[in-house]
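Visitor: Below is a structure I'd like to ask you about.
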Amino acid sequence: MKPADGPTRRRLLQAAALAPLGPWLAGCESLLPGAGPPPRLFELTPKTTFRPGIPKVDWQLGLELPFAPASLNTTRISLQNTPTEVEYYARANWTDRAPLMVQTAMIQSFEASGGIVAVGREAVALRADYLLRSELRKFEAEYFDDGRSANGAPLVRVRINAKLVAMPRRAIVGAQDFEASWRATSNRIEAVVEAFDEALGRVLKNLVEWTLTVGEEAKRGS
């Protein structure tokens, strides 16, 4: 057989070298950046129902962005299989970073209460009589110890520490922890998000009522 000439031989060598890569590349498509479906996005709702007789106040309130540890300051939905390890649900995100999403729900809850003249983010040009500082301390689904039901559904915990600060003297007139937990009906992400919504709603209800009550008492006593 006549040996292949230079150009033909080079083409054959290139084809032989590339041939094994085809199946390998096909099998690794899911590893490429941007491959696969995008994550599903979820958001939480504000509290819209409050106890009768909630205080009606004539002062304005500014809300600082809640402080949160790095594990919660993310759009990812947090879970814990053990008390010391933080993980996240795959292909499921919040619509915004958790602290910002919670701050928005806070503002909307205060507005829905009908008990305050004006409320807004601290960065907004609002002449606030009080400033609400908060810290998001728990915001995850727990799968350890008593956190898992018979069907594998987690217990969602939400805890917010709040401090009400009188302006402009920046004196703390009240401080309180607000916590609620709610067990998901199943381990499906939709059920887990519903449990987050229920737990956060209970926290927001108590937070709004406490803020209006403590702020009004401090104003009357000043």
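Visitor: Taking the condition of a type in the set (Val, Ile, Thr), within 12 Å of the chain's Cα centre (by Cα) and surrounded by fewer than 19 Cβ atoms within 10 Å (Cβ to Cβ), does THR82 pass?
Guide: Working: of a type in the set (Val, Ile, Thr): yes; within 12 Å of the chain's Cα centre (by Cα): no; surrounded by fewer than 19 Cβ atoms within 10 Å (Cβ to Cβ): yes.
Here the answer is no, as THR82 does not meet what is asked.
Visitor: Of everything in segment 94-104, what is touching a helix residue (DSSP H, G or I) at 6+ places or on another chain (Cβ under 7 Å) and surrounded by fewer than 20 Cβ atoms within 10 Å (Cβ to Cβ)? Give them in sequence order.
Guide: THR95
Here is a yes/no grid of residues against (1) modelled with pLDDT under 90; (2) touching a Phe, Trp or Tyr at 6+ places or on another chain (Cβ under 8 Å); (3) within 27 Å of GLU85 (Cβ to Cβ):
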| site | (1), (2), (3) |
| --- | --- |
| GLY115 | no, yes, no |
| GLU122 | yes, no, no |
| LEU136 | no, yes, yes |
| ALA141 | no, yes, yes |
| ALA166 | no, yes, no |
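Visitor: Take segment 158-212 and flag every residue that is among the charged types (D, E, K, R) and under 14 Å from ALA141 (Cβ atoms).
Guide: Here is the first cut: in segment 158-212, the residues among the charged types (D, E, K, R) are 159, 163, 169-170, 177, 179, 183, 188, 190, 194, 197-198, 202, 205, 209.
Within segment 158-212, ARG159, ARG183, ARG188, GLU190, GLU194, ASP197, GLU198 qualify.
Visitor: Just one of the numbered conditions (1) charged (D, E, K, R); (2) within 12 Å of the chain's Cα centre (by Cα); (3) surrounded by 17 or more Cβ atoms within 10 Å (Cβ to Cβ) is not true of ASP129; which one?
Guide: Here ASP129 clears every test but (2).
Visitor: Which of the numbered conditions does THR74 fail, given that it passes all the others? Conditions: (1) touching a Ser or Thr at 6+ places or on another chain (Cβ under 7 Å); (2) assigned to a loop (DSSP other than H, G, I, E, B); (3) of a type in the set (Ser, Thr, Tyr).
Guide: (1)
Visitor: Another question, then. Please find, among ARG157, ARG188, ARG137, the residue that is in contact with a strand residue (DSSP E or B) (Cβ under 6 Å, 6 or more places away or on another chain), within 30 Å of PRO39 (Cβ to Cβ) and surrounded by fewer than 19 Cβ atoms within 10 Å (Cβ to Cβ).
Guide: On the way: ARG157 fails: surrounded by fewer than 19 Cβ atoms within 10 Å (Cβ to Cβ); ARG188 fails: in contact with a strand residue (DSSP E or B) (Cβ under 6 Å, 6 or more places away or on another chain).
From the options ARG157, ARG188, ARG137, the qualifying one is ARG137.
Visitor: Give the residues of segment 143-164 that are under 16 Å from ILE77 (Cβ atoms) and modelled with pLDDT of 90 or more, sorted by residue number. Talk me through it step by step, then tell me what you get.
Guide: Filtering segment 143-164 for residues under 16 Å from ILE77 (Cβ atoms) gives 143, 147, 153-158.
Once the filter is applied, which keeps residues that are under 16 Å from ILE77 (Cβ atoms) and modelled with pLDDT of 90 or more, segment 143-164 yields TYR143, ALA153, PRO154, LEU155, VAL156, ARG157, VAL158.
The values are calculated or read from the model by the stated rules, or taken from the named source; none is laboratory data. None of the values given here were measured: they were computed from a predicted structure. Heads up, the Cβs are rebuilt from the backbone with ideal geometry, glycines too, and the neighbour counts pull from every protein chain shown.
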